[in-house]
Amino acid sequence: MDMNTDLIRQLPAVGRVLETVGAKNLTARFGHEETVAAVQTVVERLRAAVLAKEALPDDALSPQAVLREATARLEQSCRPILKPAVNATGILLHTGLGRAPMPEAARLAVASVAGCCNLQMDLTDGARLHREHIIRDLVCGLTGAEDVLLVNNNAAGTLLALRALAQGREVVVSRGELIEIGGAFRIPDILAESGCVMREVGTTNKTHLRDYERAIAPETAMLLKVHKSNYDIIGFTKEVTIGELAALGRARGVTVMDDLGCGALVDLRTFGLAHEMTMAESLTAGADLVLASTDKLIGGPQGGLILGKRGLIDTIRRHPLYRAMRVCKMTLAALEATLRLFKNPAQLAQTHPLYFMLSRTPDELMRQAETLAAQLRAQGGTGIPACVDSAPRLGPVAVVAHDAFLGGGSLPGQALPSFAVRIEAPDAAALARDLREAPVPVVPRVHQDALYLDMRTVMPGECAQVVASFAAVI
C-alpha cells in the first residue's frame, strides 16, 4: 500500500476529534460551528501536507494534535485586531498609530461612562440637552468662543460648516492654501462636496488682501483661511493674516472661517517650538468660526471642533448633516477629561502624554536610550565597535542623535532634538515587520539597513515592552 494512502486513512474524522477530552470546552468557548470549521481546516491542511509529502511530527495525525492546532487557530482568531503599540518612530502625532496618546484621565473617563450616563439630559429637571453641554463651558472658557459644536473629525467640521453656511454660493480661498493632506484629502474636493463655488485668489507663493477685496461679490458667502498643514512656503512670499481677513469680512458683511487643523490651546513656544496660532488667538483676531482637530495638539480622542459665534453655530447645528456627524458618549467623556487638563497648563508636562514628550530634555532621552541599548545588547545585539554577532538577526546596537518631529500637520519643518537606539540588522525591513507583528507591536523607523527607536516617542514605562518584543522575535 502507498505510504501516502495509509497516512490519508489515518487522518481523524471531525466527529472523532470532537469526541476528545477538551473538545466540549472548546465548543462551549467558541460555539459548535466555529469549532467544527477550525477542525475541518486543520484536517484539510494535514491532508494537503501528506499529499505534498511534507515531513510531519509523529503524532500530527492524532485527534489530540488536531484539537490542539484547532484550539490555537480559534484563540488566534479571537485576538483583538486593534491593540496597544509602542511608537518608536519619533513622530509624536503619528496618524497610523492613533495620533496623540490620550491622557490617563481621558482613558478613565471613557470607562466610567460605558454604561448609562447623562449624555443629553439635564439631571436637574430631566430636560433634553445638546450633547455639547458636556464641553461647552470648558471650550468657551479656554478659547473665548461663544458656542461650540463637536463632530467626528476636522474634515467633517469643514464640510458641515461650508454646507450649512455657503452651499450654492462662493467661498474665497487663497491658492497657496488649497492643500492636500494625508489620505488624498483636498480642500477643493471638500468645497465641491459641500456644494460651494470655490473662488481662488492670489498665487501659490503670494496672496494680498486686495486679492480678497476684489473677489468679494454679491455671491460671496465666506472668506476661508486654511492652515497649510504639512508644508511651508518660504522665500518670496506673502500671506494675509486672519486679523486682516476678519477686518475685511466685517467691513463687507462676509463670514470669515479659519480652519486651523491641529488646533493649539497653548503657546507651543513654552515647549521650545515655533509659534502655532491658538484657537483663542484666532477668535481674538476676529475670526467668526474656528475649526480644529481634537486628537492632535489637544491630544484627546478623534473629533472636530467648530467654535465661534453663537448665531453661526446655531445655523450649523440645525443642518441635517450635523446629526450624521455627531460623536458618541465615550468621545465626549474623553475630550472633557482632556480639556480639563488645559485649565492648568503649567502641569501639562506631568498630566498629558503629548506635552510630556515635548518637554523631555535631550539628556533625559540619551539616558533612556543608553539603558535600553544595554538591555537590547543583552538580548543578542552587539556593541560598538562591533564584535562577533551572537544573534544573526541583531547586529551592533548604538545610541545616536536623532531628529523627532511633531507630525499631525503641525510645524512640518521643525525638528525636535532627540536620541535613538540604532540597531543594525542583516534584514532590517524583515526585523521591523516582525516587531510590528509582535504581541505588543513595536514600530521603529527603518533607514539604510538599520532600525531606529526614537526615545522622544517611547515612554519610559514602555522600554520593558520593547525588550520583551525583541526577545520574542530574535
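The values are calculated or read from the model by the stated rules, or taken from the named source; none is laboratory data. Keep in mind it's a predicted model, so treat the numbers as computed, not measured. FYI the Cβ positions are ideal-geometry reconstructions off the backbone, even for glycines, and counts take in every protein chain you see. Keep in mind that these areas ignore ligands, DNA and RNA; they rest on the heavy atoms of the full protein, side chains included. Shrake-Rupley method; radii C 1.70, N 1.55, O 1.52, S 1.80 Å.
Taking the residues in the stretch 206-229 that are open to solvent by 60 Å² or more (accessible area, probe 1.4 Å) and not in a helix (DSSP H, G or I) as candidates, determine which candidate is nearest to Q167 (Cα to Cα). Give the steps one after another, and end with the answer.
Narrowing the stretch 206-229 to residues open to solvent by 60 Å² or more (accessible area, probe 1.4 Å): 210, 213-214, 218-219.
Checking which are not in a helix (DSSP H, G or I) leaves us with 218-219.
Numbers: P218: 14, E219: 11 Å.
Only one residue tops the list, namely E219.
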key: Of all residues in the stretch 400-416 being farther than 12 Å from I91 by Cα and open to solvent by 60 Å² or more (accessible area, probe 1.4 Å), the one that is modelled with the highest pLDDT   = A401
message = I'd like to check something: does the stretch 89-104 contain any residue that is out of contact with any Lys or Arg (no Cβ under 8 Å at 6 or more places or on another chain), aliphatic (A, V, I, L, M) and in a helix (DSSP H, G or I)?
response = yes
In the stretch 147-162, the residues that are touching a Cys at 6+ places or on another chain (Cβ under 8 Å) and in a helix (DSSP H, G or I) = L162
message = So L348 passes all but one of these: (1) more than 27 Å from the chain's Cα centre (by Cα); (2) at negative phi. Which condition number does it fail?
response = (1)
query = Would you pick out the residues in the stretch 14-33 that are open to solvent by less than 100 Å² (accessible area, probe 1.4 Å), without any contact (Cβ under 8 Å) to a residue 24 or more places away in the chain and farther than 14 Å from T71 by Cβ?
reply = G15
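Per-residue answers, yes or no, for (1) more than 26 Å from A415 (Cβ to Cβ); (2) out of contact with any His (no Cβ under 9 Å at 6 or more places or on another chain); (3) in a helix (DSSP H, G or I); (4) touching a residue at least 60 places away in the same chain (Cβ under 8 Å):
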{"site": "A324", "(1), (2), (3), (4)": "yes, yes, yes, no"}
{"site": "A333", "(1), (2), (3), (4)": "yes, yes, yes, yes"}
{"site": "E336", "(1), (2), (3), (4)": "yes, yes, yes, yes"}
{"site": "L339", "(1), (2), (3), (4)": "yes, yes, yes, yes"}
{"site": "M357", "(1), (2), (3), (4)": "no, yes, yes, yes"}
task = Could you grab me the full set of residues in the stretch 34-60 that are more than 40 Å from the chain's Cα centre (by Cα), small (G, A, S) and open to solvent by less than 50 Å² (accessible area, probe 1.4 Å)?
result = A49, A60
ask   = Got a number for residues in the stretch 263-314 being open to solvent by less than 10 Å² (accessible area, probe 1.4 Å), in a helix (DSSP H, G or I) and over 15 Å from H227 (Cα atoms)?
value = 2
request  = Collect the residues in the stretch 341-355 that are open to solvent by 50 Å² or more (accessible area, probe 1.4 Å) and in a helix (DSSP H, G or I), keeping them in residue-number order.
outcome  = P345, A346, Q347, Q350, T351
Residue list for the stretch 105-127, restricted to those being more than 20 Å from L339 (Cβ to Cβ) and not in a loop (DSSP other than H, G, I, E, B) = M121
message = Residues that are touching a Ser or Thr at 6+ places or on another chain (Cβ under 7 Å) and loosely packed, with under 15 Cβ neighbours inside 10 Å: does the stretch 168-177 have at least one?
response = yes
task = Those residues that are assigned to a loop (DSSP other than H, G, I, E, B) and modelled with pLDDT of 95 or more, I need them from the stretch 130-146; list them, please.
result = I135, G144, A145, E146
inquiry  = open to solvent by 60 Å² or more (accessible area, probe 1.4 Å) and either in a strand (DSSP E or B) or out of contact with any Leu (no Cβ under 8 Å at 6 or more places or on another chain) (or both): is that true of D232 in this structure?
reply    = yes
note = Of the residues in the stretch 112-125, those that are open to solvent by 40 Å² or more (accessible area, probe 1.4 Å) and either under 22 Å from G300 (Cα atoms) or hydrophobic (A, V, I, L, M, F, W, C) (or both) come to S112, A114, G115, C116, C117, N118, M121, L123
note = Checked the stretch 61-111 for anything closer than 18 Å to G408 by Cβ, hydrophobic (A, V, I, L, M, F, W, C) and open to solvent by 20 Å² or more (accessible area, probe 1.4 Å); matches are A85, I91, L97, M102
inquiry  = Against the conditions (1) surrounded by fewer than 19 Cβ atoms within 10 Å (Cβ to Cβ); (2) more than 20 Å from M198 (Cα to Cα); (3) of a type outside the set (V, I, T), where does E239 fall short? Just the number, please.
reply    = (2)
message = Could you tell me how many of the residues in the stretch 413-464 are assigned to a helix (DSSP H, G or I) and closer than 18 Å to G98 by Cβ?
response = 4
